[in-house]
Amino acid sequence: MSLVDGVLRVVAFFAYIWAIGRMSDIQRVFAYHGAEHKTIHAYEHNLPLEPKIIQRYETLHVRCGTSFLLMVMIVAIVVFSLVPVRAIAIALGVPASNKLALTLIAIASRLVLLPLVAGLAYEITVKWAGNHSANPVVRVLLWPGLQLQRMTTREPTDDMVEVAVAAMAPIIAREDREERIAKGDEPDVAPGATDTLTTAAETVAEEPGIT
């Protein structure tokens, strides 16, 4: 039943994504999603963040949140199928014939195990698979998530890419600043002090290759 339940959830998820993907507003959102992925690809390759360069890349990315959601559902199927609901019920003195009690125990066990499921999915999709994406075995594991991304991303226009670059500018500035602080090249800002993050983001945005 856990397997059937999990498969139905995956099918419902795919159907939902397909259905909302028919809407023009969501298609525009998916295009911005593609712009985000393209921009990250260029940044990870240390290339200038310019639309003509960014547009060379594909809209799929191994560490996408969409792939993470799919991995959550897959991991949930495995983890939840291993939960001995009936054995737990018997240990609690609940008759195995009490369907309502079994259902409540199953729901409670899933709520308790949800952090474990999410953590495992994160480690697999974001940490492990993201760092070993060239491995053939890993690529097989990532394939379903990448196919799902074909539904949640669209080819963006240049102005959408510019928005993605502008959104990344403060993130780049923050990471650069944290790196300088870690090296001791810049003092940390005490709570309540003026934050220099906005100024740093503006500086990044004005550098050549960043629009």
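The values are calculated or read from the model by the stated rules, or taken from the named source; none is laboratory data. Quick caveat: nothing in here was measured; it's all calculated off a predicted structure. Cβ atoms come from the backbone with ideal geometry, glycine included; neighbour counts cover every protein chain shown. Ligands, DNA and RNA are excluded from the accessible area calculation, which covers all protein heavy atoms including side chains. Shrake-Rupley method; radii C 1.70, N 1.55, O 1.52, S 1.80 Å.
A compact table of results
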item	result
Unique match (being assigned to a helix (DSSP H, G or I), modelled with pLDDT under 90 and charged (D, E, K, R)) among D5, D25	D5
Checklist (1) touching a Gly at 6+ places or on another chain (Cβ under 8 Å); (2) closer than 20 Å to T157 by Cα applied to S67, failing item	(2)
Total residues in region 131-177, condition of a type in the set (S, T, N, Q), crowded, with 20+ Cβ neighbours inside 10 Å and in contact with a Leu (Cβ under 8 Å, 6 or more places away or on another chain)	2
Residue within region 17-32 that is touching a residue at least 60 places away in the same chain (Cβ under 8 Å), of a type in the set (F, W, Y) and open to solvent by 80 Å² or more (accessible area, probe 1.4 Å) present	yes
Selection count where residues are in a helix (DSSP H, G or I) and surrounded by 13 or more Cβ atoms within 10 Å (Cβ to Cβ), scope region 178-190	2
A96, sole failed condition from (1) surrounded by fewer than 19 Cβ atoms within 10 Å (Cβ to Cβ); (2) within 22 Å of A12 (Cβ to Cβ); (3) among the aliphatic types (A, V, I, L, M)	(2)
Selection within region 121-167 - over 16 Å from G34 (Cβ atoms) and charged (D, E, K, R)	E123, K127, R139
Subset of region 1-16 (residues that are closer than 19 Å to Q149 by Cβ, in contact (Cβ under 8 Å) with a residue 12 or more places away in the chain and open to solvent by 60 Å² or more (accessible area, probe 1.4 Å))	R9, F14
Subset of region 105-160 that is over 15 Å from L70 (Cβ atoms) and of a type in the set (S, T, Y) - its residue that is nearest to the chain's Cα centre (by Cα)	S133
Count of region 40-55 residues which are open to solvent by less than 70 Å² (accessible area, probe 1.4 Å) and among the charged types (D, E, K, R)	1
